[in-house]
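The structure appears right after this line, and notes come after that.
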Amino acid sequence: MNEFEEIRDQMLGRTYHRIVTVDSLPSPTFHMEGRQVVSFSTNNYLGLATSERLIDAARRGLERYGVGNCESRLLGGNLEIYEHLEAKLAALKQKESAVLFATGFLTNMGVLTALVSLSKIARIYGYRPRQHYKYVYFSDEFNHISIREGIRMSGASRVSYRHCDMANLEEKLRACGADMKIIVSDGVFSQDGDILPLPDMLQLADKYDALVYIDDAHATGILGDHGGGTTDYFNLNSPRLICMGTLSKAYGAIGGFVATEKYLADMLRYACSAYGFTSTLPPDQAMAVSEAMDAVVDEPWRRDRLWENQRRLLAGFDGLGCQVTCRDTCILPVLVGDEAMCERHAAKLGECGFHVDSVVFPAVPRGAARLRFMANTNHTPEQIQAFIDAMGQLRGAGRNRCQQA
Ligand SMILES: Cc1ncc(COP(=O)(O)O)c(C=O)c1O
């Protein structure tokens, strides 16, 4: 056995999570390992990924452009559909400009790395910075792993603050003498479902002269009157804000973006290797996203039904006495704690015909494993009732072993 095989065996021996094979997309019904199941954990919140409307748009994209663009946008790959989509995303986030990336993960990795090296990179183009700047990231302890990885790769200092705790953030901002402070946070926390306290955070940013970078993966297309995300939800904007989002959740496709002031977007196109030295999302996906953005606006029933179903699910959980740790968004986590037990609960629900995410380390800290339930536009009242009944049985069977699930 070579060393890699040994490490692999030790890793697999320590993880409880099993990767399952699926042969259709959750809409929210799908096929998993030969069985039909209903997902209560899909990011396809609005059912758009599997809608005829998006499939038609993607088909038009395929027919018009082909399968991929095979070029960086800095070279011959700058299709007009990307510029069109960037203009729509910038308008949605009420920002001057937006920059597209192949995925949300890559957006965080690329932008967080580039932001702290803009002046270094600008030197390559002959710019002489006025001074050497010291950058510090202030990161919520529960931020998504792509943010944590982006900050790590940037090489900048990272100060972690307690989850959504603005007093703790202020203490850390006050104590920091950096030239450039950048606060980074999920907008809707991916594993916890709560919404960042943006008004208070922006006040701190003004007071301590910081930028605020928000990852709105789970809010874009969902929160706010126009589906603009957390800024739309709080009806707030500021030149200090850098708004990041993914296209792989409510919008049902793939890709990521940042929406910013124009000067920053212009710089990122040259400074960010994750933009300039890789291919972007395929053009049919850009066509589908553009259609999804229209659908969010002109099919308001999708969001209305999503929230109706969220309330129905919550009422069911309340009836069972389940402790849902956050009730603000369509992500409804139930803390289990023990990883093996969490996996067993998810497997039991799977046997009853329901797919649920068991979220374990490293997505969340050890000992904080949880079942992550997500509401969906296309759940029927009957599906929700059947699911709540299955949860009731699981709870009854496991009452002595696990009070939480
Ligand atoms: C908060 C958050 N940021 C970023 C990402 C990465 O997005 P993508 O899947 O588009 O790469 C995710 C996906 O799970 C996420 O939940």
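Considering the range 149-175, the residues that are over 23 Å from the mean Cα position of the chain (by Cα) and among the aliphatic types (A, V, I, L, M) include one that is surrounded by the most Cβ atoms within 10 Å (Cβ to Cβ), namely Leu173. Inspection of the range 282-295 finds no residue satisfying the criterion of being away from the ligand (no atom under 15 Å from the Cβ) and in a loop (DSSP other than H, G, I, E, B).
Per the listing Glu149, Glu170, the residue uniquely under 28 Å from Ser41 (Cα atoms), charged (D, E, K, R) and not assigned by TED's automatic domain parsing to the domain that holds Thr42 is Glu149.
This table checks each residue for (1) of a type in the set (Asp, Glu); (2) at pLDDT 95 or above; (3) surrounded by 23 or more Cβ atoms within 10 Å (Cβ to Cβ).
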position: Met267; (1), (2), (3): no, no, no
position: Glu299; (1), (2), (3): yes, yes, no
position: Arg305; (1), (2), (3): no, yes, no
position: Ala346; (1), (2), (3): no, no, yes
position: Phe354; (1), (2), (3): no, yes, no
position: Val364; (1), (2), (3): no, no, no
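Answer yes if at least one residue in the range 12-21 is out of contact with any helix residue (DSSP H, G or I) (no Cβ under 9 Å at 6 or more places or on another chain), modelled with pLDDT under 95 and charged (D, E, K, R), and no otherwise. Yes, some residue in the range 12-21 is out of contact with any helix residue (DSSP H, G or I) (no Cβ under 9 Å at 6 or more places or on another chain), modelled with pLDDT under 95 and charged (D, E, K, R). The combined condition, being charged (D, E, K, R) and at pLDDT 95 or above, is not fulfilled by Glu5. The single condition among (1) of a type in the set (D, E, K, R); (2) without any contact (Cβ under 8 Å) to a residue 12 or more places away in the chain; (3) closer than 19 Å to Gly245 by Cβ that Glu291 does not meet is (2).
A quick yes/no check of all residues on (1) more than 27 Å from Phe101 (Cβ to Cβ); (2) in contact with a Ser or Thr (Cβ under 9 Å, 6 or more places away or on another chain):
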| site | (1), (2) |
| --- | --- |
| Ile7 | yes, no |
| Thr42 | no, yes |
| Thr50 | no, yes |
| Arg53 | no, no |
| Val67 | no, no |
| Leu74 | no, no |
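Of all residues in the range 366-397, those satisfying the criterion of being in contact with a Phe, Trp or Tyr (Cβ under 9 Å, 6 or more places away or on another chain), surrounded by fewer than 22 Cβ atoms within 10 Å (Cβ to Cβ) and assigned to a loop (DSSP other than H, G, I, E, B) are Gly367, Ala368.
Residue-by-condition table, conditions (1) free of Cβ contacts under 8 Å to residues at least 40 places away in the same chain; (2) assigned by TED's automatic domain parsing to the domain that holds Gly337; (3) among the hydroxyl-bearing types (Ser, Thr, Tyr):
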residue	(1), (2), (3)
Phe4	yes, no, no
Arg8	yes, no, no
Val22	yes, yes, no
Met32	no, yes, no
Ser41	no, yes, yes
Ala102	no, no, no
Leu106	no, no, no
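Within the range 86-107, is there a residue that is within 16 Å of the ligand (Cβ to nearest atom), farther than 29 Å from Ala210 by Cα and aromatic (Phe, Trp, Tyr)? No, the conditions are met nowhere in the range 86-107. Among the residues examined, Phe40 qualifies as surrounded by 15 or more Cβ atoms within 10 Å (Cβ to Cβ), away from the ligand (no atom under 16 Å from the Cβ) and either farther than 24 Å from Lys262 by Cβ or within 26 Å of the chain's Cα centre (by Cα) (or both).
The numbered conditions (1) crowded, with 17+ Cβ neighbours inside 10 Å; (2) under 30 Å from Arg312 (Cβ atoms) are all true for Arg53 except (1).
Residues of the range 310-344 that are part of a helix (DSSP H, G or I) and surrounded by 21 or more Cβ atoms within 10 Å (Cβ to Cβ): Gln310, Leu313, Glu339, Cys342.
The values are calculated or read from the model by the stated rules, or taken from the named source; none is laboratory data. Model, not experiment: these values are computed from the prediction. Backbone-built Cβ (ideal geometry, glycine too); neighbour counts: all protein chains shown.
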